[in-house]
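Asks: Sharing a structure below in structure tokens format, with a few things to ask.
The values are calculated or read from the model by the stated rules, or taken from the named source; none is laboratory data. Please read these numbers as outputs of a predicted model, since none were measured by experiment. Glycine also receives a Cβ, built like all others from the backbone with ideal geometry; neighbour counts cover every protein chain displayed.
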Amino acid sequence: MLDLPDTDTLYAALLARDPAWEGRALVGVTTTGIFCRLTCPARKPLPRNCRWFASADAAQAAGFRPCRRCHPLGATAEGEPLVRDLLARLDERPDHRWSEADLLALGHDPSTVRRAFKRHFGQSFLDMSRAARLRGGMASLVKGSTMIDAQLEAGFDSASGFRAAFARLFGHPPHRMRQGSDLLADWIDTPLGGMIAIADDQTLHLLEFIDRKALPEGLRRLSAHAGGRVGLGRTPVHDRTEAQLAAYFAGNAPCLDVPVTLHGTPFQQQVWRALQAIPAGRTRSYVQLATAIGRPTAIRAVARANATNRIALVVPCHRVIGADGTLTGYAGGLWRKEKLIAIERGYA
């Protein structure tokens, strides 16, 4: 309770199912021996039957079991059955052209699905399904397939739809990405979703989750920097990055030792280098990060530089949290930030 507010505040948050307390507080119910998120849809206990915890580890150490409705051991998104169900179905059928009719057939209201996925991931389920199909098309083009073969494998009905999806992502149509290029882009699968990796033969230039909203703009900037010479393909740096990501998620590699080229101002690069100095399993506030680079009053500038990082995980911007200990926004999705910090607790 040392890190938690008074019980009246916590109980009011429990009654309101206040999402602001996700990742900050849990409630144990003495009459059932179960602990829950404050957003749990279950019937609310009486105040005298509540015990409050700052972490799942503390609740389990006190003898409470995790709730099977709100799944307090997982990330926030995993506490919603609708989200868990559809993510599992997307994993099973990544090439399927999902539609609102499919959602209705499964008994889901499309507007409810849209709100739930927007809340957790910043995009709709149908947007995520299109990204999954685009991944298939990218893989085909990297292997040298013809445009029509890649289009069909990606599940797009028309060549124009396929080209438009690529153009939104990279800033130019896919046929240009098969010509001679200085930088090569390829897809890397991870337990938290697909990532686009762009590298040359020596260093990694970009590593982003495919569903990040700012990804198209980042790709266009990098393409402009390289004179438009960003193509589809793979280098030894891609292989090294993929192998190290696999080891990281398996709990075997706290440090992603991949050489990088940082595209930014001297100040941004100073912030990004400071991020790389934060050990896995540790976090820093924006104030601490600003102090570490000798710019204690540049807190907002540090936050902006953190948000514009284009090499996720290798430059670990997810290790920066709010001064009060809350998990502040993460461009890759707050649910991923929860997952990454949970993974890194094992490295502490």
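Asks: Looking at this structure, is residue 336 in contact with a Leu (Cβ under 6 Å, 6 or more places away or on another chain), at pLDDT below 95 and charged (D, E, K, R)?
Replies: When the stated conditions are applied, residue 336 passes them.
Asks: List every residue pair whose Cβ atoms sit under 6 Å apart, with the two residues 6 or more apart in sequence or on different chains, where the first one lies in region 1-14 and is at positive phi and the second, anywhere, is modelled with pLDDT under 90 and assigned to a loop (DSSP other than H, G, I, E, B).
Replies: none
Asks: Could you name every one of the helices (runs of 4 or more DSSP H) located completely within region 6-111 that has at least 3 residues being more than 30 Å from residue 324 (Cβ to Cβ) and at pLDDT 90 or above?
Replies: Values: elements: 7-16, 56-61, 81-92, 100-105.
In region 6-111, the matching helices (runs of 4 or more DSSP H) lie at 100-105.
Asks: Just need a number here: residues in region 1-50 that are of a type in the set (Gly, Ala, Ser) and within 17 Å of residue 61 (Cα to Cα).
Replies: The number of residues fulfilling the criteria is 3.
Asks: Then there is this: Residue 95 - would you say it is surrounded by fewer than 18 Cβ atoms within 10 Å (Cβ to Cβ), closer than 24 Å to residue 126 by Cα and touching a residue at least 60 places away in the same chain (Cβ under 8 Å)? Give the derivation first.
Replies: Working: surrounded by fewer than 18 Cβ atoms within 10 Å (Cβ to Cβ): yes; closer than 24 Å to residue 126 by Cα: yes; touching a residue at least 60 places away in the same chain (Cβ under 8 Å): yes.
Spelling it out, residue 95 is indeed surrounded by fewer than 18 Cβ atoms within 10 Å (Cβ to Cβ), closer than 24 Å to residue 126 by Cα and touching a residue at least 60 places away in the same chain (Cβ under 8 Å).
Asks: So, one more: Can you confirm whether region 262-280 contains a residue that is touching a residue at least 60 places away in the same chain (Cβ under 8 Å), small (Gly, Ala, Ser) and out of contact with any helix residue (DSSP H, G or I) (no Cβ under 6 Å at 6 or more places or on another chain)? Explain how you work it out, then say what you get.
Replies: Initially, region 262-280 is screened for residues touching a residue at least 60 places away in the same chain (Cβ under 8 Å), giving 279-280.
Going one step further and asking which of them are small (Gly, Ala, Ser), we end up with 280.
Subset that is out of contact with any helix residue (DSSP H, G or I) (no Cβ under 6 Å at 6 or more places or on another chain): none.
No, every residue in region 262-280 fails to be touching a residue at least 60 places away in the same chain (Cβ under 8 Å), small (Gly, Ala, Ser) and out of contact with any helix residue (DSSP H, G or I) (no Cβ under 6 Å at 6 or more places or on another chain).
Asks: Would you mind telling me which numbered condition in (1) under 24 Å from residue 212 (Cα atoms); (2) modelled with pLDDT under 95; (3) over 19 Å from the mean Cα position of the chain (by Cα); (4) of a type outside the set (Lys, Arg) residue 270 fails?
Replies: (2)
Asks: With the requirement that a residue be of a type in the set (Lys, Arg), buried (at least 17 other Cβ atoms within 10 Å of the Cβ) and in contact (Cβ under 8 Å) with a residue 24 or more places away in the chain, what does region 290-348 give you?
Replies: 310, 319, 336, 339, listed by residue number.
Asks: Filter region 15-43 for residues that are basic (Lys, Arg) and either over 28 Å from residue 339 (Cβ atoms) or touching a residue at least 60 places away in the same chain (Cβ under 8 Å) (or both) and give the result.
Replies: Filtering region 15-43 for residues basic (Lys, Arg) gives 17, 24, 37, 43.
Matches in region 15-43: 24, 43.
Asks: Shifting gears a bit: When the residues of region 186-217 are filtered to those that are among the charged types (D, E, K, R) and assigned to a loop (DSSP other than H, G, I, E, B), which remaining residue is nearest to residue 88 (Cα to Cα)?
Replies: Step one: list which residues in region 186-217 are among the charged types (D, E, K, R), which gives 186, 189, 200-201, 208, 211-213, 217.
Right, trim to assigned to a loop (DSSP other than H, G, I, E, B) and you get 189, 200-201, 211-213.
Values: 189: 15, 200: 34, 201: 36, 211: 17, 212: 20, 213: 22 Å.
Across region 186-217, the extreme among qualifying residues is 189.
Asks: If you check residue 256 against the conditions, is it touching a Pro at 6+ places or on another chain (Cβ under 9 Å), part of a helix (DSSP H, G or I) and under 23 Å from residue 339 (Cβ atoms)?
Replies: no
Asks: Here is a further query. So, residue 184, is that one at pLDDT 65 or above and surrounded by fewer than 22 Cβ atoms within 10 Å (Cβ to Cβ) or not? Let's see the steps before the verdict.
Replies: Working: at pLDDT 65 or above: yes; surrounded by fewer than 22 Cβ atoms within 10 Å (Cβ to Cβ): no.
The answer is no for residue 184.
Asks: Looking at this structure, is residue 236 more than 17 Å from residue 200 (Cβ to Cβ) and of a type outside the set (Lys, Arg)?
Replies: On the way: more than 17 Å from residue 200 (Cβ to Cβ): no; of a type outside the set (Lys, Arg): yes.
In short, no.
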